[in-house]
Structures are given as C-alpha cells and as structure tokens.
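First up is the structure itself, then whatever we jot down about it.
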Amino acid sequence: MPGITRQELRERVSSGKLDSLYVLWGEEKLLLKPAAGKLIDRASGEGFPEFNSVRFTNDSEAEKIAAAVEALPFMAEHKCVAVSDFDPETKSSEDLERICSLMEDLPDTATLVFYYPTIDIPKKRPAKWKKFLDRAEKHGCTVDFQKMGDGDMYRMMRKGAQRQGCELPEKSFHRLMEYAGKDLNTLSRELEKLCAYTLGMGREEITPECVEELTPKSAEIKVFKMVGDLTAGRYEAAYNGLDQVLSQGEDPVSVLGAMASAYIDMYRVKTALESGLTSSAVTEYAPEYKGGGSFRLRNAERSSRRLSLRSIKKCLELLVNADMSLKGSSLDPRLVLEGLMSRLLMAVQGS
C-alpha cells in the first residue's frame, strides 16, 4: 500500500476507518507526536482504553509485542498496540522476522502502530530497515512527516500566535525563521516568548524589531551579519562581530567555515545574476538552499552588490589561505582571522 499524506491520516482518524498497520516517521516531530497520539487513542476505542492501548519501546521483546497484538481486546471490539522508535538494526534476524511476519497477518481486532518521535529513519536504508519498511508499505500505511514548506509553516505559526492573542506578520515570521531556523519545536518556543513579551507591552502585533531584540541568533547568523558588514565597508561593526563570536567560545575553524559559506553563496548568486538569472536560480543546482536556505541567497545578493565577481574569487582565495594557516601552523587563531578580515576589506575596496 503506498504511503498516505498527513491529511489522509487525519481523515481516517476522524472517520474511524482505520487500517491494521501504520508507520509514522519523518523529520517534523512536532507534528508527528500529536498525530500518533490521536491515532493511538482512536484505535484503542472508547471501552476500557487503559487495557486496550498497549505501548512498547525499542527495548521491548518482539515476542511480547506479537503477543499483545494477537491477544483479544478487553471487553471491546478493538485495541491498539503502539511501538515507539522501533529500530530494526538493533534486532536479531529472528526477532525482525517475527515482527515482519506479524505485520503480514494482523488480526481484525488490533491496529499496530510504529511511530518515531525521537529517531529518524536513515535516508540510505540498511538491509534490516529496508526489509521492515518494505513489509510495512506492502501491508499497511506509512506516513512521512516531511519538513513543512515556508508557507505552511507561516500559517501554522500565525495560528499559534493568534491562539495566544497576538498577530504575527509575515515579515516578522521570516526574520524569526532566519534567526531560529526551521525546527518547529524551536520556533514554537520562541513564538511563545515573543507573544508573552508583546502582550506584556500592551500590544498585539509581533514586530520585526521585537524579533530582532528577543530571538537568540546562532553563530552562523552572526557570522553572516559580520560578512555583510565587511562587504558594506562597516569595519568597526565587522571587527566587533568577530570579537563577539570568538568571545562566546566559537571554534575559529567553524567561524572560518561559516565565512567561507557566505562567500560561496555570494559567488553563486553573482554568477547567476551576471548570467541574466535571479538569485533563486541557484536552488536548481545547489539543493542545500531549498527550504530554509532562501535567506542565505537573499543575504548573498545584498552582500555581493558592492563586489565584482573577480573580487569574490579573490576573497575565496584568501579564505583558503586562512584555512591552511589555521590548520597547518601554530599562529594564534584570532590573529589569523583578524588578518583575514583586513585582507577581505582590502578586496572590497579594490572592487
């Protein structure tokens, strides 16, 4: 049976027309967990759910899981057996075969649910994972809780803000996502904080300025801002940014890596623009920008305005040399990065 969508799962849970086997997996754990909970509750029935909802973990024995599935419900027509974070790679061949055989011949009186609130299924599936999932897809329903697109995520966050009495404009959401990333757990925590602050100030609208003030910025975001100051010729702000990230204990090699990433973004965007394309064309051949990477392209387009393609290439050469100095000499890492900054500033002036 082919995989079904989240919406199809909701419809089946709402109608009560459930299949005997479900596997819920994917990256969007914040959506997966409540969906699994609703499925398990519905499949457990209304009569004696405390007896007809049986839960196991990856540490549970295969035979006990099978016994629970095959046992009749307690004074009810249906029961649910749920297994969280089942990892076939940790099972013996015999135990895995027992679970796979169970999925092939499930009784009408039970729904078996495998769900993954913590671990992720490997993208390159080893043999045991492949066997387990092939059997699940053949005899049941699989639901992939993929990362949400920006539009869906914004609608979800806006509704969350409205439930708390606030309004989240799209501009504020995009700034929040740039700083906090695309993880829904993190976004939800930051949104709750922003709502509390906004209401406490006697307002309802979460402004971009509020997001700027209250949302912690990752080291990568700080480095991107530092590079933006460099390309704009804001020397003092750029050096202050470097001092800030180093004083917070960030690894100099990681800081250099983030700087290199920003200049590579600029090179790709500049090449696209000079070819008559838009900055978004980069996503066609560089998949890392899809999803949450769009802000990197916007930053790159803004930062590259004062630089020629030749200057960006020179900056990349300087970054390579600094990388070799950091990894192959005993020089103070701070001095290496400060020297790199001065050379990058000179490259900007020579554009």
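The values are calculated or read from the model by the stated rules, or taken from the named source; none is laboratory data. Not measured: the values here are computed from a predicted model. Glycine gets a Cβ as well: all are built from the backbone with ideal geometry, and neighbour counts include every protein chain shown. In case anyone asks, the SASA skips ligands and DNA or RNA and just uses the protein heavy atoms, side chains included. Shrake-Rupley method; radii C 1.70, N 1.55, O 1.52, S 1.80 Å.
A compact table of results
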| read-out | value |
| --- | --- |
| Scattering curve values for region 52-131, log₁₀ I(q)/I(0), Debye with Cα scatterers, q = 0.12, 0.15, 0.23, 0.25 Å⁻¹ | -0.34, -0.53, -1.13, -1.28 |
| Helix 294-303 axis, angle to the chain major axis (alpha carbon atoms, nearest 10°) | 0 |
| Square roots of five times the Cα gyration tensor eigenvalues for region 205-315, Å | 24, 18, 14 |
| Residue 63 versus residue 48: modelled label distance in nm, points set 7 Å from Cα along the beta carbon direction | 2.5 |
| Size of region 39-97 as Cα extents on the principal axes (Å, biggest first) | 36, 19, 13 |
| Potential extension, residue 240-residue 335 segment - 0.36 nm per residue separation minus Cα distance | 32.8 nm |
| Accessible-area order (highest first, 1.4 angstrom probe) of the listed residues 222, 123 | 123, 222 |
| Gain upon complete extension [residue 310, residue 92; 0.36 nm per residue less C-alpha separation] | 72.7 nm |
| Heavy-atom surface of region 47-167, accessible at 1.4 Å and reported per residue (Å²) | 52 |
| Helix 333-349 axis, angle to the chain major axis (alpha carbon atoms, nearest 10°) | 70 |
| Assigned charges on the beta-carbon of Lys, Arg, Asp, Glu; the chain dipole about Cα centre (debye) | 1260 |
| Spin-label pair residue 298/residue 199, simplified geometry with 7 Å Cα→Cβ offset, distance in nm | 2.8 |
| Helix-only [θ]222 nm of the chain, DSSP H runs n ≥ 4, -39500 (n - 2.57) each, per residue, nearest 500 | -19000 deg cm²/dmol |
| FRET efficiency estimate (nearest 0.05) - Cβ-Cβ, residue 192 to residue 147, R0 22 angstrom | 0.55 |
| Whole-Å semi-axes of the ellipsoid equivalent to region 229-294 (Cα gyration tensor, √5λ, descending) | 27, 15, 9 |
| Fraction of alpha-carbon pairs over 24 Å apart in the chain - percent | 67 |
| Rounded tilt (10° steps) of 150-163 against the dominant C-alpha axis of the chain | 80 |
| Residue-span extension gain [residue 162 to residue 5] - 0.36 nm each, minus C-alpha spacing | 53.9 nm |
| Alpha-carbon Rg with Dmax, taken over region 117-161, Å | 15.3, 44 |
| Computed P(r) (all Cα pairs; region 98-248; 10 Å bins; percent) | 9, 26, 20, 21, 15, 7, 2, 0 |
| Cut-off 9 Å between beta-carbons: net charge of the residues surrounding residue 300, Lys and Arg +1, Asp and Glu -1 | +3 |
| Per-residue SASA entry for residue 317, accessible area with 1.4 Å probe, Å² rounded to 10 | 100 |
| Cα-only Debye scattering, region 85-171: base-10 log of I(q)/I(0) at q = 0.19, 0.21, 0.25 Å⁻¹ | -0.88, -1.01, -1.32 |
| Between region 170-202 and region 256-277, the Cα center-to-center distance that results, in Å | 29 |
| Under the Karplus curve 6.51 cos²θ - 1.76 cosθ + 1.60, θ = phi - 60°, whole-Hz ³J(HN,Hα) for region 119-125, x wherever Gly or Pro sits | 9, 10, 6, x, 5, 9, 7 |
| Region 1-84 - percent of accessible surface contributed by carbon and sulfur, probe 1.4 Å | 54 |
| Subset of 124/182; 33/217; 38/138 violating a 25 Å alpha-carbon distance limit | 33/217 |
